[in-house]
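Input: a single structure, listed below in structure tokens.
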Amino acid sequence: MATERKSRTKRANKKEETTWQERVIQIRRVSKVVKGGKKLSFRAIVVVGNERGQVGVGVGKASDVIGAVKKGVADGKKHLIDIPITKSNSIPHPIDGVGGGAKVMMRPASPGTGVIAGGAVRTVLELAGVRNVLAKQLGSNNPLNNARAAVNALSTLRTLSEVAEDRGIPIESLYI
């Protein structure tokens, strides 16, 4: 009986252990002026993704780095988005995204191109599972705003079937 319970809990744990990956983009020490002086804490920007079309960006603040990263991961999992990926592991169409003062431009690329992007946008695209894409950060080099701009761009991607359904026409008529 006890072994049966153990095997059940092992199976349950394996189901919970999805292939979520976390990457810390930035850890910054921040301070707040309070009555007794300055209170130091840490802010962690974390990207969470499963490399199969789901990605999220989270921010966590805590008095220690480990706690901030844990809070960032939890926040990233709350803000997950699903993105469509083509057969060539690229995005379906060109797209621009905005986050704060940052703008991100993304273009689909042919197989073998790789992820041509910089900074936070590269991390977001890799954890989303996009393998062939051209991207450029414009306007700002703030990692949080660039990551949010990348997520904003990816969240507005649409497939051909979604466009055909919205227009109320068959998919074949879009190819003309």
Item to complete: Output the Kirkwood hydrodynamic radius of the chain, Cα pairs only, in Å rounded to one decimal.
Response: 18.0 Å
Fill in: Accessible carbon and sulfur surface of region 99-167 relative to its total accessible area, %, 1.4 Å
49 percent
Discussion item. Of 113, 95, 56, which is farthest towards the positive pole of the chain's charge dipole, taken about the Cα centre with +1 and -1 on the beta-carbons of Lys, Arg and Asp, Glu respectively?
Written reply: 56
Worksheet, complete the sentence: With a 28 Å threshold on alpha-carbon distance, the violating pairs from 38/77; 38/71; 35/77; 38/70; 78/103; 38/136 are 38/77; 35/77; 38/136
Worksheet item: How large is the helix-only mean residue ellipticity at 222 nm for the chain, computed as the sum of -39500 (n - 2.57) over DSSP H runs with n ≥ 4, divided by its residue count, in deg cm²/dmol to the nearest 500?
Response: -10500 deg cm²/dmol
Worksheet entry | residue 134 - accessible surface, heavy atoms, 1.4 Å probe, Å² rounded to 10 | 70 Å²
Worksheet item: Do you know the relative contact order of region 96-176, to the nearest whole percent, from alpha carbon pairs under 8 angstrom that are 6+ apart?
Response: 35 percent
Discussion item. Defining a contact as two alpha carbons under 8 Å apart and six or more residues distant in sequence, what relative contact order in percent does the chain show?
Written reply: 18 percent
Discussion item. What does DSSP give for the chain in terms of the percent of beta bridges that are antiparallel, rounded to the nearest 5?
Written reply: 95 percent
Worksheet entry | Solvent exposure of the chain as accessible area per residue, Å², 1.4 Å probe | 61 Å²
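The values are calculated or read from the model by the stated rules, or taken from the named source; none is laboratory data. All values reported here derive from a predicted model rather than from experimental measurement. Positions of Cβ are generated from backbone atoms using ideal geometry, with glycine treated the same way; all protein chains shown enter the neighbour counts. Areas reflect the complete protein model, heavy atoms only, side chains present, ligands, DNA and RNA absent. Shrake-Rupley method; radii C 1.70, N 1.55, O 1.52, S 1.80 Å.
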